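Here's the structure, in structure tokens; my notes come after.
The values are calculated or read from the model by the stated rules, or taken from the named source; none is laboratory data. Remember, it's a predicted structure, so these values are computed and weren't measured experimentally. In this analysis, Cβ positions are derived from the backbone assuming ideal geometry, glycine residues included, and neighbour counts consider all displayed protein chains. Protein only, heavy atoms only, side chains kept; ligands, DNA and RNA dropped before computing areas. Shrake-Rupley method; radii C 1.70, N 1.55, O 1.52, S 1.80 Å.
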Amino acid sequence: MIVILRPNADASAVKRALIEHGQWTVAMDGGFILEAHSSAVDPAALRAIPGVLSVSVAPSAWPRVDAQSPIVDVNGVPIGRDAPPVLMSGPCAIESEARIDHIASKLVAHGVRFLRGGAFKPRTSPYAFQGHGESALGWIRRAADRHAMRVVTEVMSEGEVQLVAEYADLLQIGSRNMSNYALLKAVGRAAKPVMLKRSMSATISEWLQAGEYLLVHGASGVIFCERGVRSWDPTTRNLLDLGAVALLAHAHGLPVIVDPSHATGRRDLVLPLARAALAAGAAGVMIETHDEPGCALSDGPQALRPEDLSALTSYMEKSR
Ligand code: PEP
Ligand code: MN
């Protein structure tokens, strides 16, 4: 925003009033530029400051995201800060029909409403397990249906959108694909709700504009997923940006899911950060679980066992 002063206004007094409103200012000729990390404020409140002539607000680069309802419906399950928090859980990869069904049967007892698992896996190494593909989509769909759960699974390429959309309730865009605009357009055209993971190096503006791509092209709703950004410190796999979660949830009124499993890569930190995420305004959390983490085909070291979620569900019940 740009604040223009009246002639003869007391610029220092206006600056003090802007700071009172949580605004970071850069002086310019005849007024102030308000910096991006200023608190959300109603421009009318700034116009009312004595000495202010006008306040101009730049048009939003993500108008459809701004206009989106704060609650996104995913096949009958509402997701948003004012809806009950949702748990999404399941293995990193869908390994077999029997295993995904077994994991689902345990998760459902802990209040998990979304079964997750990758059929198409984005792996850093081309030699790592890449997922069981189409067969795995049938396995997770049948397991979810048997336990009255919804399916969230990743779609990695434009050519697979139709296929994945037939099986999934919520289409996941992985962090490595947040800026794959051709994929975002194709996924938007499927006209389903989408969970958009933040790229490990994306600014908030880039993330919101990726959400805008999905909505312009027809997505029925976008849920943002914070999964940690790349940092300089290898002690955790990534750096969970809870400031971004609070910003999207509280300042933008958007549904945000937090994935503490990929954010930390450390099983011992997953539950504390899940609680922190909910406190920061997350609409839910996505946690990787496996019945035998030692045998998992991917991400075993960060996987919890389904029964470990009971500590989280009792925390969620208490904080309601
Ligand atoms: C996943 O959730 O399966 C995944 C691969 O996560 P990310 O895209 O955040 O790395
Ligand atoms: Mn994983």
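Of note:
- Residues located in the range 132-174, provided they are more than 19 Å from the chain's Cα centre (by Cα), of a type in the set (Gly, Ala, Ser) and within 17 Å of Ser89 (Cα to Cα): Ala136, Ala143, Ala144, Ala148
- Selection status of Val74, in the same structural domain as Ser220 (by TED's automatic domain parsing), surrounded by 11 or more Cβ atoms within 10 Å (Cβ to Cβ) and either at negative phi or without any contact (Cβ under 8 Å) to a residue 60 or more places away in the chain (or both): yes
Here's the yes/no breakdown for (1) within 17 Å of Thr203 (Cα to Cα); (2) outside any loop (DSSP other than H, G, I, E, B); (3) modelled with pLDDT of 95 or more; (4) in contact with an Asp or Glu (Cβ under 8 Å, 6 or more places away or on another chain):
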| site | (1), (2), (3), (4) |
| --- | --- |
| Gly243 | yes, yes, yes, no |
| Arg275 | no, yes, yes, no |
| Leu278 | no, yes, yes, no |
| Glu288 | no, yes, yes, yes |
| Pro301 | no, yes, yes, no |
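- Across the range 155-186, the qualifying residues are those that are within 11 Å of ligand 1 (Cβ to nearest atom) and touching a helix residue (DSSP H, G or I) at 6+ places or on another chain (Cβ under 8 Å), and the one among them that is nearest to Leu87 (Cα to Cα) is Ile173.
- Of note, Ser201 satisfies the criterion of being open to solvent by 20 Å² or more (accessible area, probe 1.4 Å), in contact with a Lys or Arg (Cβ under 9 Å, 6 or more places away or on another chain) and assigned by TED's automatic domain parsing to the domain that holds Leu254.
- Within the range 81-96, residues that are among the aromatic types (Phe, Trp, Tyr) have Cβ atoms under 9 Å from residues that are surrounded by fewer than 22 Cβ atoms within 10 Å (Cβ to Cβ) in no pair, counting only partners at least 6 apart in sequence or on another chain.
- Residues of the range 99-143 that turn out to be outside any loop (DSSP other than H, G, I, E, B), more than 21 Å from Gly174 (Cα to Cα) and either without any contact (Cβ under 8 Å) to a residue 24 or more places away in the chain or not hydroxyl-bearing (Ser, Thr, Tyr) (or both), as a count: 10
- Annotation note: Cβ proximity below 9 Å between a residue of the range 260-271 that is of a type in the set (D, E, K, R) and a residue that is within 12 Å of ligand 1 (Cβ to nearest atom) (sequence gap 6+ or interchain) occurs for Arg266/Arg237; Arg266/Gln302; Arg267/Ser261; Arg267/Gln302; Arg267/Ala303.
- Condition broken by Gly111, with the remaining ones in (1) within 12 Å of ligand 1 (Cβ to nearest atom); (2) surrounded by fewer than 23 Cβ atoms within 10 Å (Cβ to Cβ); (3) under 30 Å from His252 (Cα atoms) satisfied: (1)
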